[in-house]
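Working notes for the structure below.
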Amino acid sequence: MTENQSLRGIDFREGYIAVIDKPLEWTSTDVVRKIKYALVNRLGYKKIKIGHAGTLDPLATGVLLICIGKATKMVNALQSEEKEYVAELELGATTPSHDMEHPIDKRFPTEHITRELIDEALLSLTGERLQAPPIYSAKKVEGVRAYEFARAGEEVELKKALINIYEIEVLDFTMPYLKLRVRCSKGTYIRSLAYEIGQALNSGAYLRSLRRTRSGGFTAENGYKLENFLEKLSECETK
């Protein structure tokens, strides 16, 4: 499906997967609510189910799969598929959230970092292993989101999850910035990977930008900008 294709004639209750290019600073839930509002209040779909398959942080952009109607039964299967990202890191610094949600809190030497050292570090982080989620994450601890503990200044131990990083490719390296393409499994935190890269380099690193370019067989190139999808919905007949 591309942005030029019409949505007319589709019965969304029967199941539809919208490939949305999530805008910067929107939560995944924001996108779901916006589309559901259009389906219910503009097109007259009542009590229609809608959800997303794989959360993207507000500071990330790219492929967000929105499952509508009977397609919501596919959420778990879609979430489990391989993901691909393009990430830009800044070396020699860290932030509490491992991304730009918080300001830099520490700086580290970078004079020793070479391309060869980067290749070694990335190789050491590739494959199946355990990874700790960021303390500023939506992971729940005793029913409470981890970021709520972090914002209150409370320490909390997050359980490590088994992940698989299939491939990390260097797209560009101009100190202190490192641009990567990452293929990985469900549950991988690219923010945590950025932090791990900094540690492997005996320095620091945090995530400056992140874009999900693929989720399973769905790519950003074949998706809709949110505003264009909403415009296509407005052209559909009411139910």
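A few remarks follow.
- Hits in region 1-34 (condition: among the aliphatic types (A, V, I, L, M) and part of a strand (DSSP E or B)): 17, 18, 19, 20
- All positions within region 35-58 that are among the aromatic types (Phe, Trp, Tyr) and without any contact (Cβ under 8 Å) to a residue 24 or more places away in the chain: 37
- A count restricted to region 1-19 and to residues that are among the β-branched types (Val, Ile, Thr) and exposed (fewer than 11 other Cβ atoms within 10 Å of the Cβ) stands at 1.
- Set 46, 22, 34: member being surrounded by fewer than 16 Cβ atoms within 10 Å (Cβ to Cβ) and in contact with a helix residue (DSSP H, G or I) (Cβ under 8 Å, 6 or more places away or on another chain): 46
Let's see how each residue does on (1) out of contact with any Lys or Arg (no Cβ under 9 Å at 6 or more places or on another chain); (2) within 23 Å of residue 235 (Cβ to Cβ); (3) in the same structural domain as residue 211 (by TED's automatic domain parsing):
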{"position": "44", "(1), (2), (3)": "no, yes, no"}
{"position": "49", "(1), (2), (3)": "no, yes, no"}
{"position": "56", "(1), (2), (3)": "no, no, no"}
{"position": "72", "(1), (2), (3)": "no, no, no"}
{"position": "75", "(1), (2), (3)": "yes, no, no"}
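- The set of residues in region 109-124 being of a type outside the set (Gly, Ala, Ser), within 17 Å of residue 171 (Cα to Cα) and out of contact with any Ser or Thr (no Cβ under 7 Å at 6 or more places or on another chain) consists of 114, 115, 116, 117, 118, 119, 120, 122, 123.
This table checks each residue for (1) assigned to a helix (DSSP H, G or I); (2) closer than 20 Å to residue 210 by Cα; (3) modelled with pLDDT under 95.
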{"position": "36", "(1), (2), (3)": "yes, no, no"}
{"position": "57", "(1), (2), (3)": "no, yes, yes"}
{"position": "64", "(1), (2), (3)": "no, yes, no"}
{"position": "70", "(1), (2), (3)": "yes, no, no"}
{"position": "90", "(1), (2), (3)": "no, yes, no"}
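- Looking at 171, 122, just one residue is closer than 19 Å to residue 207 by Cβ, modelled with pLDDT of 95 or more, aliphatic (A, V, I, L, M) and crowded, with 16+ Cβ neighbours inside 10 Å, and that residue is 122.
- Residue match in region 58-65 (condition: farther than 15 Å from residue 226 by Cα and not β-branched (Val, Ile, Thr)): yes
- The set of residues in region 156-168 that are buried (at least 16 other Cβ atoms within 10 Å of the Cβ) and at pLDDT 95 or above comprises 163, 164, 165, 168.
- Some residue of region 97-116 being part of a strand (DSSP E or B), within 14 Å of the chain's Cα centre (by Cα) and crowded, with 18+ Cβ neighbours inside 10 Å: no
The values are calculated or read from the model by the stated rules, or taken from the named source; none is laboratory data. The shown structure was predicted, so the numbers you read here are calculated from the model rather than taken from an experiment. We place every Cβ from the backbone using ideal geometry, glycine too, and count neighbours over all the protein chains shown.
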